[in-house]
Amino acid sequence: MKKPIERLKPKQGQHLRLAVQAAFVLLCLWIGWEFIRFYQTSLDPAIPPTPRPPGVEGFLPISALMTLWYFLQTGILHTVHPAGMVILVAIILMSLVFKKAFCSWMCPVGFLSENIGEFGKKLFKRNFVLPVWLDIPLRSLKYLMLGFLIMVVFFQMSAQDLRAFLDSPYNKVADVKMLLFFARPSATTIYVITGLAVLSLFVKNFWCRFLCPYGALLGFVGLFSPFRITRNDDACTDCGKCAKVCPSAIKVDKVKRVWSDECTTCLECVDVCPVGHALEVKAHRKFKGVKPVLVMTIVVLIFLLTTGFGMLTGYWNNSITPEEYSRRIQEIDKPIYDHNYGYAPPEPSSPQTAPGEIQ
Ligand code: SF4
Ligand code: SF4
């Protein structure tokens, strides 16, 4: 075995990642808090409504995907959930640069899942890795869900169908529906969430690895990313530490470049490697490695610049007035707000630019 030649600054990537995760969790908690206040004040027309935080649309990925596809087909920016589309674009751009970096650097569900896994590791002294014969079929579940979604949205819905859905009463209050889903959980919801939390104690990132269709989309996009974990064969001592810590169970010590769709650029492998320059993030094997602090800076900048661009160009706040929200929230239990309520596409004679759109 070759001798280590240089010790890297310990856990630098993990400290930076934790700082970004913490900031993002705090941002999400603030958005959640403001959104609850918005909901409560909208229930009573006598109280001046608290402004709705547009960032809540980051939790509506399906509506965001439809808005994006509608825009790509028609060139029309639909304005019911504009911030959702902007956030989706930011996350896709991030994946085009650093694979599924959003999952390990920003996603609050990823953060929760990771920490439940860490807690499980303390309890059982280890996390469990499923055998390959079970792991592969389970991992394909998230791609099946993504495939179904893409088939419906991209191949079965025309631009008119998309517009009918985006303008529908359900879509207009989809964020409020999501809040009520968690605030008034059914027994099934409680069982499913508890089950996922328990499974995450044993298998790290259970939800992210096997079930999250958003992660599947980012994993697919990340296949085109130039920046990958790259192992320098000449420096590597084959100690295997990188593979041991990888939360995505990637055999980092056996490959020259990590191509796996499961890599989240979490940098755990880079941090644990005892040899300087044996493991780095690189755009090409012959290029210089990207330092963790630069990875963090680029990830954060992509998010801030994209969302900032949306805000500055006026494509952030939606077109629904506080009065309309108040009316819809008060009647939200009516059948027209069910997701499976039929939505008629607009009549051919109706204007191409509906009230909820800008061109
Ligand atoms: S290969 Fe490295 S960066 Fe990618 S998920 Fe595994 S530990 Fe994280
Ligand atoms: S790249 Fe992996 S196997 Fe090689 S020295 Fe670093 S931690 Fe050990």
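Observations, loosely collected:
- Filter pass, Leu267 being within 15 Å of ligand 1 (Cβ to nearest atom) and in contact with a helix residue (DSSP H, G or I) (Cβ under 8 Å, 6 or more places away or on another chain): yes
Each row is one residue, and each column tells you yes or no for (1) out of contact with any His (no Cβ under 8 Å at 6 or more places or on another chain); (2) of a type in the set (Phe, Trp, Tyr); (3) under 14 Å from Asn171 (Cβ atoms); (4) at pLDDT 90 or above.
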| residue | (1), (2), (3), (4) |
| --- | --- |
| Leu312 | yes, no, no, yes |
| Glu323 | yes, no, no, yes |
| Glu331 | yes, no, no, yes |
| His339 | yes, no, yes, no |
| Ser350 | yes, no, no, no |
| Thr353 | yes, no, no, no |
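- Elements of type helices (runs of 4 or more DSSP H) contained in the range 97-175, each with 1 or more residues being within 25 Å of Gln14 (Cβ to Cβ) and open to solvent by less than 70 Å² (accessible area, probe 1.4 Å): 101-105, 108-124, 132-150
- Filtering the range 219-270 to residues that are closer than 21 Å to Gln21 by Cα and within 11 Å of ligand 2 (Cβ to nearest atom) leaves Ile229, Val245, Cys246, Glu268, Cys269, Val270.
- Pairs are defined by a Cβ separation below 6 Å, a sequence spacing of at least 6 or placement on different chains, a first member in the range 255-268 that is touching a residue at least 24 places away in the same chain (Cβ under 8 Å), and a second member that is more than 9 Å from ligand 1 (Cβ to nearest atom) and of a type in the set (S, T, N, Q); the pairs so defined are Arg257/Thr230.
- Candidates in the range 213-241 are the residues that are within 15 Å of ligand 1 (Cβ to nearest atom) and over 18 Å from Glu280 (Cβ atoms); of these, the one that is surrounded by the fewest Cβ atoms within 10 Å (Cβ to Cβ) is Leu223.
- Within the range 270-309, being open to solvent by less than 20 Å² (accessible area, probe 1.4 Å) and within 13 Å of Lys99 (Cβ to Cβ) holds for Val281, Val295, Val299.
- Matching residues, the range 200-247, being among the polar types (S, T, N, Q) and either free of Cβ contacts under 8 Å to residues at least 40 places away in the same chain or within 22 Å of Tyr143 (Cα to Cα) (or both): Ser200, Asn205, Ser225
- Only one entry of Ser200, Ser186 meets the criterion of being open to solvent by less than 40 Å² (accessible area, probe 1.4 Å) and among the polar types (S, T, N, Q), and that entry is Ser200.
The values are calculated or read from the model by the stated rules, or taken from the named source; none is laboratory data. For clarity, every value in this text was computed on a predicted model and none was experimentally measured. Here the Cβ is made from the backbone with ideal geometry for all residues, glycine too, and neighbour counts use every protein chain on show. With ligands, DNA and RNA removed, areas are computed over all heavy atoms of the protein, side chains included. Shrake-Rupley method; radii C 1.70, N 1.55, O 1.52, S 1.80 Å.
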